[in-house]
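The values are calculated or read from the model by the stated rules, or taken from the named source; none is laboratory data. Note that the structure is a prediction, hence the values are computed from the model and not measured. Note: ideal-geometry Cβ built from the backbone for every residue, glycine included; neighbour counts use all protein chains shown. For the accessible areas, the whole protein counts, side chains as well, though only heavy atoms, and no ligand, DNA or RNA atoms are used. Shrake-Rupley method; radii C 1.70, N 1.55, O 1.52, S 1.80 Å.
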Amino acid sequence: MINAIISKFVGGFEWFRLVIMEFSWDIIVSLGLVVLAHSIVYVFVMKKRAKSIDGRHVVVTGGSSGIGVCLAIECVTKGAHVTIIARDEKRLKAAVDQLELVRQRADQKIQYRSLDIGGDYEEVARVLAETEETVGPIYALLNCAGMAICGVFEEVSVRDVHKLMNVNFFGSYNCTRHVLPKMKRAREGIIVITSSQAAMFGIYGYGPYAASKYALRAMAETIAMESREHGVSVTLALPCDTNTPGFEEEEKSKPRETKIISGGGGLLKPEDMAKAILQDALKGNFISTVGAESWLITMLGGGLLPWDGFFTNLLHALVIGPLRLVGYGLHKYFNSIIRKCAKEDRAGDKVESK
């Protein structure tokens, strides 16, 4: 989708090729050596080393399916003691069976808890404290529980909006609220907050869902700023459409316009998304995305996000101006889809009235 829009702008940059031809080869070679030198410094000196979770206690919410269970599997393969949390006990037991298959050693602890994390905070805190008594202090909290209910803003019921906020926002809030002060006192810890590309800009049919994901983005930015000096790292995961049971449910409530707009990006495998999230979390990166399209949308929609690394921010400074035209093109494209669907709906209404 984005690639097609970008190609429309390529013809307008023929002047860039002509300018390059005016440079002498010695200047081009010199610039190339400078870029190469900085790349070597980045790769061998500035690149972050991943933390180890071997023998540490990791809690994964939403760990019975989708990205959550894939993250739990990744953690078990790295030697972590893992607690998965979700509401459906049958799915939890099936997920634990999957985790047992990749267990690395006999003393590795794998357990589950059936819990509504978006409900009463005191109950959430009690259950999390109970897991710490049996497994040890929580070193990493991976918030993956979430759901999507789509629809035109005024057609989504008030009850469903509250449900979205309870699962998506308060579920992550309650768990994070419990572990954060303990991590600060221990001066170590990892927190992952799984939001969505929908937190970057609002799209037709995603109103209340996007609002809940925007809230997670704001929470992650705030916690990251408050916790960095206490040794706690925060990673904001921004997955695109991923082939999970949750996505299948989401498709059932999507308006036609939303399906067309979001349908061009394809579906990511949950295993790939989980590997990327865990890798970024262990390296202490704040942003976790997969794919050029997600990176582009995140960069355009999150100008003040704390991207890691000087060279990453330098790259953004160089390209974000021209790419702002791509953002303009995206909005024009989305609005054309909405106008076309509205026109077709009006034509259908006229036929029915006859």
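Here are the numbers for the structure shown:
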| quantity | calculated |
| --- | --- |
| Long-range HN-HN contacts of Arg56 with modeled amide H, under 5 Å | His81 |
| Distance between modelled label sites at Glu133 and Glu226, nm, 7 Å Cα→Cβ extension | 2.7 |
| Added length on full extension, which subtracts the Cα-Cα distance from 0.36 nm per residue, Asp88 to Cys341 | 87.3 nm |
| Peptides ranked, highest mean first, by Cβ atoms within 10 Å: ranges 233-246, 101-114 | 233-246, 101-114 |
| Solvent-accessible surface ranking, highest first, for Tyr209, Tyr328, Tyr204 at 1.4 angstrom | Tyr328, Tyr204, Tyr209 |
| Segments 137-143, 315-321 sorted - mean Cβ within 10 Å per residue, highest first | 137-143, 315-321 |
| Whole-Hz couplings from phi, Karplus 6.51/-1.76/1.60, listed for the range 224-229; x for Gly and Pro | 4, 5, 6, 9, 3, 6 |
| Trp295, Trp307, reordered so the largest accessible area comes first (probe 1.4 Å) | Trp295, Trp307 |
| Cross-link table Lys252/Lys332; Lys275/Lys340; Lys48/Lys252; Lys109/Lys182, entries beyond 32 Å C-alpha to C-alpha | Lys275/Lys340; Lys48/Lys252 |
| Inter-label distance for Ala106 and Tyr328, nm, one decimal - labels placed 7 Å from Cα along Cα-to-Cβ | 6.8 |
| Most to least packed among 89-99, 55-65 [average Cβ atoms within 10 Å] | 55-65, 89-99 |
| Largest to smallest accessible area among Phe310, Phe286 [probe 1.4 Å] | Phe310, Phe286 |
| The range 306-313 - phi-based ³J(HN,Hα) in whole Hz, Karplus 6.51/-1.76/1.60, Gly and Pro as x | x, 5, 8, x, 5, 5, 4, 5 |
| Solvent-accessible heavy-atom area per residue, rounded to whole Å², over the range 57-316 at 1.4 Å | 43 |
| Carbon plus sulfur fraction of accessible area for the range 57-316, probe 1.4 Å, in percent | 53 |
